[in-house]
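> Take this structure, written in structure tokens, and hold onto it; I'll ask about it next.
All of the numbers you see were taken from the coordinates with simple rules; none came from a lab. As the structure is a prediction and not an experimental result, all values here were calculated from the model. Here Cβ is always computed from backbone atoms with ideal geometry, including for glycine, and neighbour counts include all displayed protein chains.
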Amino acid sequence: MYYQHDINPVFFSLGPFINIHWYGMMYVIAFFLGWAIARYLSKLPFSNFSKNDVEDLITYVILGVILGGRIGYILFYDLSYYLSNPLDMLKIWQGGMSFHGGFAGVLLVLLYWAHKNKKDYIELTDFIAPCIPIGLFCGRIGNFINGELWGRETELPWAVIFPSGGTIPRHPSQLYEAGLEGLLLFLILFFLARKNPPKGLLSAVFCIGYALARCFVEFFRIPDPQYGYFFGCFTMGQILCLPMFLIGFILLYFCKKWKEHPDYDTVRLKDGSLIRVRRYKK
């Protein structure tokens, strides 16, 4: 007996015209949890970012995620449809957000913020990296509630029958992604972040970890119908992960150099804790 998906995508309604969707609520929860994690990380003794930095950053990150995610989805996945239906570009509550677009959007706003506040860009991406998987976790739960992005046919006991997928039991690939690129990747990054890692390591682990998780789950997920498979076996999601693999391994290469020649000194305080003191050039 398989689970029949019948979750109402509307969280609650305000009158006959205003509906608050679960998908939108998951984004609100994701931003709140990301903010809370960043606040915690800013309190670590070796952090180069303060509570005020976090409060300032959250607005930039929200803009990068929403604008980048939506524009990325439109460009990467269904440009012809949205050119024919331009008003549908605004209907974010119906789904249609690209992680890779949101990732690019966040990288761009972080670059601007780092330049504006005279912060090291890689240290900033390291600081933000542990916060992102929680957002991915919430987003994939939102996909599951919406009954979208379901997986291939299966007879496994945890298969789900989605209304938009016919009567065929399918892999709940949204939950696979929530567990791997969301919860598991968060636990790994959060553990490393508390160990005073060398510059670039967290960013590298995030890029490689996400790309591996996404590429693995894509084998259980139905490819985007407008593209199908590239070269007979690869999906658009897997292809978009290739630059992340490359970025991750490049960062690992430089991480070793930064570890051997850091631009800061690690100082041990009387209570045994460690702090980083940046070296200023004369």
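> Could you list Trp113, Trp150 in order of exposure, starting from the residue whose Cβ has the fewest other Cβ atoms within 10 Å? If you can, show how the numbers build up before the last one.
Working: Trp113 19, Trp150 24.
Arranged by neighbour count, lowest to highest, Trp113, Trp150 become Trp113, Trp150.
> Give me the number: length gained by fully extending Ser13 to Glu155, i.e. 0.36 nm times residue separation minus the C-alpha to C-alpha distance, one decimal in nm.
Contour length minus the Cα-Cα distance gives 47.5 nm.
> Right, something else. Can you give the extra length, in nm with one decimal, that the chain gains between Leu90 and Leu187 once fully stretched, where that is 0.36 nm per residue apart less the Cα-Cα distance?
Gain on stretching Leu90 to Leu187: 31.6 nm.
> What residues qualify as long-range amide H neighbours of Ile161, i.e. H under 5 Å apart, gap of 5 or more or another chain, H built at 1.01 Å from N?
Correct list: Tyr3, Gln4, His5, Arg170.
> What net charge do the residues around Pro172 carry, taking every other residue with its C-beta under 15 Å from that of Pro172, with Lys and Arg at +1 and Asp and Glu at -1?
Details: positive: Arg140, Arg152, Arg170, Arg221; negative: Asp6, Glu148, Glu153, Glu155, Glu177, Glu181, Glu218.
Taking every other residue near Pro172 into account, the sum is -3.
> Quick check: from the Cα gyration tensor, does region 7-112 come out rounded (a/c under 1.5), prolate or oblate?
Here region 7-112 falls in the oblate category.
> Taking the beta-carbon count within 10 Å as an exposure proxy, list Ser47, Ser203, Ser84, Ser98 from fewest neighbours to most.
Working: Ser47 19, Ser203 25, Ser84 9, Ser98 22.
Lowest count first: Ser84, Ser47, Ser98, Ser203.
> Antiparallel as a % of all DSSP beta bridges within region 3-278, to the nearest 5?
85 percent
> Right, another one. List, in order, the whole-Hz ³J(HN,Hα) value for each residue of region 4-11 obtained from phi through the Karplus relation with A = 6.51, B = -1.76, C = 1.60 and θ = phi - 60°; use x for Gly and Pro.
After applying 6.51 cos²θ - 1.76 cosθ + 1.60, I find 8, 6, 9, 6, 6, x, 8, 6 Hz.
> Now a separate question. From the Cα gyration tensor of region 160-257, with a ≥ b ≥ c the square roots of its eigenvalues, which class applies: rounded if a/c is under 1.5, or else prolate if a/b is larger than b/c, or else oblate?
Working: a/c = 4.87, a/b = 1.79, b/c = 2.72.
Oblate, because a/c is 1.5 or more while a/b does not exceed b/c.
> Same structure, new question: Count charges around Gly151 for me, please; just the other residues with Cβ under 9 Å from its Cβ, Lys/Arg as +1, Asp/Glu as -1.
Once all neighbours under 9 Å are counted, the net charge is +2.
> Let me ask something else about it. Quick check: from the Cα gyration tensor, does region 3-278 come out rounded (a/c under 1.5), prolate or oblate?
Prolate, because a/c is 1.5 or more and a/b exceeds b/c.
> Now, a different point. Return the single residue from Pro169, Pro157, Pro45 with maximal mean-square fluctuation; model: Gaussian network over the chain, springs between Cα atoms under 10 Å.
Pro157
> Is it possible to state the helix-based mean residue ellipticity at 222 nm for the chain, with each DSSP H run of 4+ residues giving -39500 (n - 2.57), the sum divided by total residues, to the nearest 500 deg cm²/dmol? What is it?
-17500 deg cm²/dmol
> Another one. Relative contact order of the chain: what whole-number percent is it, with Cα pairs under 8 angstrom and at least 6 residues apart?
Details: 417 pairs, mean separation 53.7, N = 282.
Reported as a whole number, the value is 19 percent.
> Given R₀ = 35 Å, what would the calculated FRET efficiency be for Asn196 paired with Ile66, taking r from the Cβ atoms and rounding to 0.05?
The calculated FRET efficiency here is 0.60.
> Let me ask something else about it. Sorting Lys91, Lys119 on the 10 Å Cβ count, fewest up front, what's the list?
Details: Lys91 11, Lys119 17.
Exposure proxy ranking, most exposed first: Lys91, Lys119.
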